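First comes the structure, then the notes that go with it.
The values are calculated or read from the model by the stated rules, or taken from the named source; none is laboratory data. Keep in mind that what you see is a predicted model, and the values were worked out from it rather than measured. Every residue, glycine as well, gets a Cβ built from its backbone with ideal geometry; the counts of neighbours run over all protein chains shown.
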Amino acid sequence: MEVFLSPQAWLSAGLIFGLRLSDMSLDTIRVLFVMRGKKAIAWVLGFFQATIFVVAITQVLQDLNNPVNIIGYAAGFATGNVLGMTIEDWLAVGFIHLRIISPRRGAAIAERLRDEGFGVTEIPARGKDGMVTMLNCSVKRKSVEQVRQMVNAVDENAFITREDIRPVRRGFWRV
Amino acid sequence: MAGVFGLVQSAVLIFILRVGDVSLATVRVLMVVRGRKALAWVLGFGQALVFVVALRAVLSDLGNWLNILGYAAGFATGNVVGMMIEERIALGHSHLRIISSGRGAEVAEHLRGAGYAVTEISGRGKDGTVTLLNCSVLRRRVMEVKDLVEEIDRQAMVTAEDIHPVRRGFWRA
């Protein structure tokens, strides 16, 4: 039981937690960049992640009889993962394709988005209760929330879905 | 003989631990991609805990090559098991794009009859006008919708992609 009381044990567990926290947040961001095909950033993140990982795992393996170390390792891993997701959300790198379906106010929404500088393609389509408009709009990921608010300001009931895309030919992207 | 039995036992234990931690890891990555933070934390904690225990068992006896084999086989198996678990849970939403040459309107009616929301667009294919149907559903409904489409038009082309709802509209549960 004395392991739990010695300040040294807690110090090493805290260190391991901190190391894993940083390497896992880097790792999570790296995986999300790999999915978007950003090779250079993925290399840099991978390099630092692997370096910190080796240091952390060596620390844990030095004293495996200290359960606080193992808990610190696992908690650091889990928290770093979530922290990485939060950072990645905040960076919001990449592009999103928005598909907006509006029963009546499609043209109004398209006008509103164009006024703000977004590129919109309108397609007439048919839904359960007659004609609807399907709007296609590809934007930077940072703009998604802004577009959503603009769409809902015009039509509260518009149906909006998003998907991650990669531009094949860079056309018009509102900055 | 008891010695040999002990060696096999530790290799099997390592195999099982690795299957556990890697399947958790696989499901965790899929949760990360879908932005589920709380689940990612819980899975990550369990995964790292099991991983350290397994690693410790391997490193305590690196001379036993069965241990190393068990470690590697556990990793590979865990990866596949994780994918199977994730397919079974099928969290998230899918967008289905259905192209039918003659029977688009009927397919749309059939899907609406089953409670799904469908948007029809007319398009042109090699042999004239076709209908492009757009239908956003919960991922675990994808196979059911595919079956509904095939009841009407066996030739229909159906593709699915992962999507995120920005504003939640109509999703048949």
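Got at least one residue in region A:152-167 being in contact with a His (Cβ under 6 Å, 6 or more places away or on another chain), assigned to a strand (DSSP E or B) and more than 11 Å from every other protein chain (Cβ to nearest Cβ)?
So far as region A:152-167 goes, no, none of its residues is in contact with a His (Cβ under 6 Å, 6 or more places away or on another chain), assigned to a strand (DSSP E or B) and more than 11 Å from every other protein chain (Cβ to nearest Cβ).
Looking at A:I96, A:I87, A:I101, which is the one that is of a type outside the set (G, A, S) and more than 24 Å from the chain's Cα centre (by Cα)? Reasoning before the result, please.
Details: A:I96 fails: more than 24 Å from the chain's Cα centre (by Cα); A:I87 fails: more than 24 Å from the chain's Cα centre (by Cα).
Testing whether each residue is of a type outside the set (G, A, S) and more than 24 Å from the chain's Cα centre (by Cα) leaves just A:I101.
Given the criterion facing another protein chain (nearest Cβ under 9 Å), assigned to a helix (DSSP H, G or I), in contact (Cβ under 8 Å) with a residue 24 or more places away in the chain and over 30 Å from A:G127 (Cα atoms), identify the matching residue among A:A9, A:A13, A:A75, A:A56.
Going through A:A9, A:A13, A:A75, A:A56 in turn, the sole match is A:A75.
Looking at B:G104, B:G113 in this structure, which one is at pLDDT 90 or above, crowded, with 20+ Cβ neighbours inside 10 Å, closer than 30 Å to A:R99 by Cβ and of a type outside the set (D, E, K, R)?
B:G104
Taking the residues in region A:61-102 that are touching a strand residue (DSSP E or B) at 6+ places or on another chain (Cβ under 7 Å) and not small (G, A, S) as candidates, determine which candidate is farthest from A:L113 (Cα to Cα). Explain how you work it out, then say what you get.
Going residue by residue through region A:61-102, those that are touching a strand residue (DSSP E or B) at 6+ places or on another chain (Cβ under 7 Å) are A:94-102.
Next, only the ones that are not small (G, A, S) stay: A:95-101.
Values: A:F95: 17, A:I96: 15, A:H97: 14, A:L98: 12, A:R99: 13, A:I100: 12, A:I101: 14 Å.
Only one residue tops the list, namely A:F95.
Select, from A:E116, A:E111, A:E88, A:E145, the only residue that is buried (at least 19 other Cβ atoms within 10 Å of the Cβ), over 27 Å from B:L111 (Cβ atoms) and more than 8 Å from chain B (Cβ to nearest Cβ).
Testing whether each residue is buried (at least 19 other Cβ atoms within 10 Å of the Cβ), over 27 Å from B:L111 (Cβ atoms) and more than 8 Å from chain B (Cβ to nearest Cβ) leaves just A:E88.
Among the candidates A:L21, A:L98, A:L32, single out the residue that is buried (at least 19 other Cβ atoms within 10 Å of the Cβ), within 13 Å of chain B (Cβ to nearest Cβ) and part of a strand (DSSP E or B).
Details: A:L21 fails: part of a strand (DSSP E or B); A:L32 fails: part of a strand (DSSP E or B).
The match here is A:L98.
Assuming B:V118 fulfils every condition listed in (1) out of contact with any helix residue (DSSP H, G or I) (no Cβ under 6 Å at 6 or more places or on another chain); (2) closer than 22 Å to A:E122 by Cα apart from one, which condition is it?
Condition (1) is where B:V118 drops out.
Every residue, every condition in (1) assigned to a helix (DSSP H, G or I); (2) farther than 23 Å from A:H97 by Cβ, yes or no:
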| residue | (1), (2) |
| --- | --- |
| B:R141 | yes, no |
| B:L148 | yes, yes |
| B:R154 | no, yes |
| B:P165 | no, no |
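Quick one: count up the residues across region B:27-46 that are in contact (Cβ under 8 Å) with a residue 24 or more places away in the chain, under 12 Å from B:G82 (Cα atoms) and either surrounded by fewer than 20 Cβ atoms within 10 Å (Cβ to Cβ) or within 12 Å of chain A (Cβ to nearest Cβ) (or both).
Total satisfying the criteria: 2.
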